[in-house]
Amino acid sequence: MMALPFDTKGFFLSFLIALSLIVSGPSKAENPNTVVDWGDLLPANLYSFIPETGITSQMWLDEDFQQKLKDSERITRPELEGARVVLPGYMVPLDYEGDAVKSFLLVPNAGQCIHVPPPPPNQTIIVHFSKTTPMRTYSDPIIVHGLVRVVAGQTDYAETGYEIQAQDIVEFDFDRLETMVNDLGESD
């Protein structure tokens, strides 16, 4: 059997998360005080300047259009300040000693910031944890539970649009994610 040059489990999970974001678009959780999907971080009508017919090659070459795209990547949702969050993603360690991590970037897809360009700032979150959590590789998904702050930042790896003060960081599991999201909704 031929070995693949990448982790297929991590790739598959990244694909599912990205596909759910593309298919569902911004989910806008029923409660505006919760974030349970990467789409919840995106303002409504963020890309309203893109025609329904799609982007043409002419548009890609237009500097004004490119600037609109770049500007839209920095737009966040101020009303999410203090929102409770349960969000799956991938760790890019920032503050660590050995394999004990205190802060990291949470990104929606495996390998972002390391092997591919970082996601837009409104899809890049810096996570702070008062304890430490074990370091995960770029292909090991996690779930972060905590509170959101809407604040722009800059790290060595990427520009960020949000922060999370984590209360819990756990290994990813679909059943665990569903339970954590349901628990979040029940405590409203």
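Answer yes if at least one residue in the stretch 176-188 is assigned to a loop (DSSP other than H, G, I, E, B) and modelled with pLDDT under 95, and no otherwise. Spell out the reasoning first.
To start, the set of residues in the stretch 176-188 that are assigned to a loop (DSSP other than H, G, I, E, B) comprises 187-188.
Next, from what is left, pick out any that are modelled with pLDDT under 95: 187-188.
Yes; the residues of the stretch 176-188 include at least one that is assigned to a loop (DSSP other than H, G, I, E, B) and modelled with pLDDT under 95.
Could you list, ordered by first residue, the pairs with Cβ atoms under 8 Å in which the first is in the stretch 92-115 and within 21 Å of G153 (Cβ to Cβ) and the second is among the acidic types (D, E), at least 6 apart or interchain?
Final answer for the pair search is L94/D156; V101/D95; K102/D95; S103/D95; F104/D95.
Looking at this structure, is V101 at pLDDT 95 or above, of a type outside the set (S, T, N, Q) and more than 27 Å from P43 (Cβ to Cβ)?
Details: at pLDDT 95 or above: yes; of a type outside the set (S, T, N, Q): yes; more than 27 Å from P43 (Cβ to Cβ): yes.
Criteria met by V101.
Report the residue count in the stretch 117-134 for those that are under 22 Å from A152 (Cβ atoms) and either part of a strand (DSSP E or B) or of a type in the set (K, R) (or both).
Looking only at the stretch 117-134, we keep the residues that are under 22 Å from A152 (Cβ atoms), and these are 117-129.
Keeping just the survivors that are either part of a strand (DSSP E or B) or of a type in the set (K, R) (or both) gives 125-129.
Total meeting the criteria: 5.
Residues to consider are A166, A100; find the one that is among the aliphatic types (A, V, I, L, M), more than 29 Å from L69 (Cα to Cα) and within 17 Å of the chain's Cα centre (by Cα).
Values: A100 fails: within 17 Å of the chain's Cα centre (by Cα).
Result of the check over A166, A100: A166.
Answer with yes or no whether N109 is polar (S, T, N, Q) and either under 26 Å from S72 (Cα atoms) or in a loop (DSSP other than H, G, I, E, B) (or both).
Values: polar (S, T, N, Q): yes; either under 26 Å from S72 (Cα atoms) or in a loop (DSSP other than H, G, I, E, B) (or both): yes.
So N109 fits the description; yes.
The values are calculated or read from the model by the stated rules, or taken from the named source; none is laboratory data. Note that the coordinates shown come from a computational prediction; the quantities given were computed from them, not determined experimentally. Neighbour counts are summed over all protein chains in view; Cβ atoms, including those assigned to glycine, are modelled from backbone coordinates with ideal geometry.
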